[in-house]
Structure formats: structure tokens, C-alpha cells
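The values are calculated or read from the model by the stated rules, or taken from the named source; none is laboratory data. Nothing here was measured: the structure is a model prediction, and the numbers come from that model. So basically every Cβ, Gly included, is an ideal-geometry build from the backbone, and we count neighbours across all protein chains shown.
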Ligand code: 5GP
């Protein structure tokens, strides 16, 4: 076994890098002549955001928002608490929200409403992963890395109980780990 507690690798570091490069090209083309404010959602998006930033060819500023959703660490309750707000207002800015994974959509909906209420000039969402089968509320993802099956994923920034963020690949966590058997 490659890593302990991992069932299998779903997306290799190479697949991720290739996809991130394509996303970077698309975003850079769409924002040509504009200045972008990329907002990362802590902590899961940091690895993706760090790679994405380096393939963007337009001027880009960076800010972060931190949220926690009430509930267990493998499911989202939909009630979002803001732990860290932005350093500066997004009013009049071209905002690109960068998320690790969209599951029910509740977290993204909440953050989007919060940012849109400040009147950005533009607002788009870039998510590395999407689990469309789990959606509870409709959300628009403008730039998507991969659609993934309904399994709990870790690695490349994604954690379970604070661990596994450092794995370079995106992996399926063994069910026993989060269903309490291990
Ligand atoms: P939503 O509000 O869309 O249900 O949940 C989004 C958040 O749930 C993500 O930002 C992430 O923190 C967490 N999440 C959802 N699915 C997974 C997963 O498969 N692995 C990990 N590590 N987190 C997930």
C-alpha cells in the first residue's frame, strides 16, 4: 500500500498538474487585460491555489477566507461559520473564489452570498473537485478540475481530521477510517 489508510489513488499528481495547467490557461484568457483577486477558502484549497497561481499569466492578488461547517469531519451540515474574513473588501474587484471541493454546495452558496453582498465587479468560482451526485443546492462552478464519485477524498490539500493534506495525489480514504472501525 502506497499510504496507510488509503484505499486507492483517484487522481495522480500528474493528472492534477495537467488539469491545473489547462484551467490556468482558460482563466488567464478570460481575464486578459483585467486584474484578478483570487480568494482561497482555507485550508483545503491552499495546495491547489498555490499551483493555480503559478500558471496564471494575468496580474493576481491573493486573499483568504476561512470557514468551518458544523457537523462531523466527513459530512457537511450546511451551517457555515466564518472563522476568518477577507483582509480587504471585494467591492469593485474581479473575484475568483478558489475552492477545493463542492459537495452539497451549501458552503459555496454561503460564501458566494457573503462576497456578492459586497458588490464585486465580477464573481466566478473555480473548484478543483465536484461531487455532483451529492448536491443539495444549485451552485455555479465556472472552472472545474474534475467531477468525482461520492467517496471521501484526501490529499492535495484535502484532509480528514486535519491529516493527509500533504499527500501529493488525491486519494480515496478507506471507509473504516471515517466510519469509526479503525
Ligand atoms: P459542501 O458544503 O459543499 O457540502 O461541502 C464542502 C466542503 O466539505 C469542502 O470544502 C470540504 O471541506 C468538505 N468536503 C466535502 N467532500 C469532501 C471530501 O471528499 N474530502 C474532504 N477532505 N473534504 C470534503
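Here residue 144 meets the list (1) under 13 Å from the mean Cα position of the chain (by Cα); (2) buried (at least 19 other Cβ atoms within 10 Å of the Cβ); (3) away from the ligand (no atom under 13 Å from the Cβ) almost entirely, failing just condition (2).
When 169, 103, 159 are checked against the criterion of being touching a helix residue (DSSP H, G or I) at 6+ places or on another chain (Cβ under 7 Å) and within 13 Å of the ligand (Cβ to nearest atom), a single residue qualifies: 103. Among the residues making up the range 152-166, those that are under 16 Å from the mean Cα position of the chain (by Cα) and assigned to a loop (DSSP other than H, G, I, E, B) are 152, 156, 157, 159, 162, 164, 165, 166.
To keep it simple, each residue is scored yes or no on (1) in a loop (DSSP other than H, G, I, E, B); (2) within 8 Å of the ligand (Cβ to nearest atom).
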site	(1), (2)
82	no, no
90	yes, no
96	no, no
114	no, no
123	no, no
136	yes, yes
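Residue 128 - would you say it is assigned to a strand (DSSP E or B) and either more than 16 Å from the chain's Cα centre (by Cα) or surrounded by 16 or more Cβ atoms within 10 Å (Cβ to Cβ) (or both)? Break it down into steps so the answer makes sense when it comes.
On the way: assigned to a strand (DSSP E or B): yes; either more than 16 Å from the chain's Cα centre (by Cα) or surrounded by 16 or more Cβ atoms within 10 Å (Cβ to Cβ) (or both): yes.
For residue 128, the condition - assigned to a strand (DSSP E or B) and either more than 16 Å from the chain's Cα centre (by Cα) or surrounded by 16 or more Cβ atoms within 10 Å (Cβ to Cβ) (or both) - is met.
Just checking, how many residues over the range 33-51 are over 20 Å from residue 164 (Cα atoms), outside any strand (DSSP E or B) and within 16 Å of the ligand (Cβ to nearest atom)? Break it down into steps so the answer makes sense when it comes.
Narrowing the range 33-51 to residues over 20 Å from residue 164 (Cα atoms): 33-39.
When the remaining residues are screened for being outside any strand (DSSP E or B), the result is 33-35.
Remaining after also requiring within 16 Å of the ligand (Cβ to nearest atom): none.
Total meeting the criteria: 0.
Taking into account only those residues within the range 125-134 that are in contact (Cβ under 8 Å) with a residue 40 or more places away in the chain and under 26 Å from residue 35 (Cβ atoms), which is nearest to the ligand (Cβ to nearest atom)? Checking each candidate, the answer is 128. Can you tell me which residues in the range 52-80 are modelled with pLDDT under 95 and in a loop (DSSP other than H, G, I, E, B)? Of everything in the range 52-80, those that are modelled with pLDDT under 95 and in a loop (DSSP other than H, G, I, E, B) turn out to be 70, 71, 72, 73, 74, 75, 76, 77, 78, 79.
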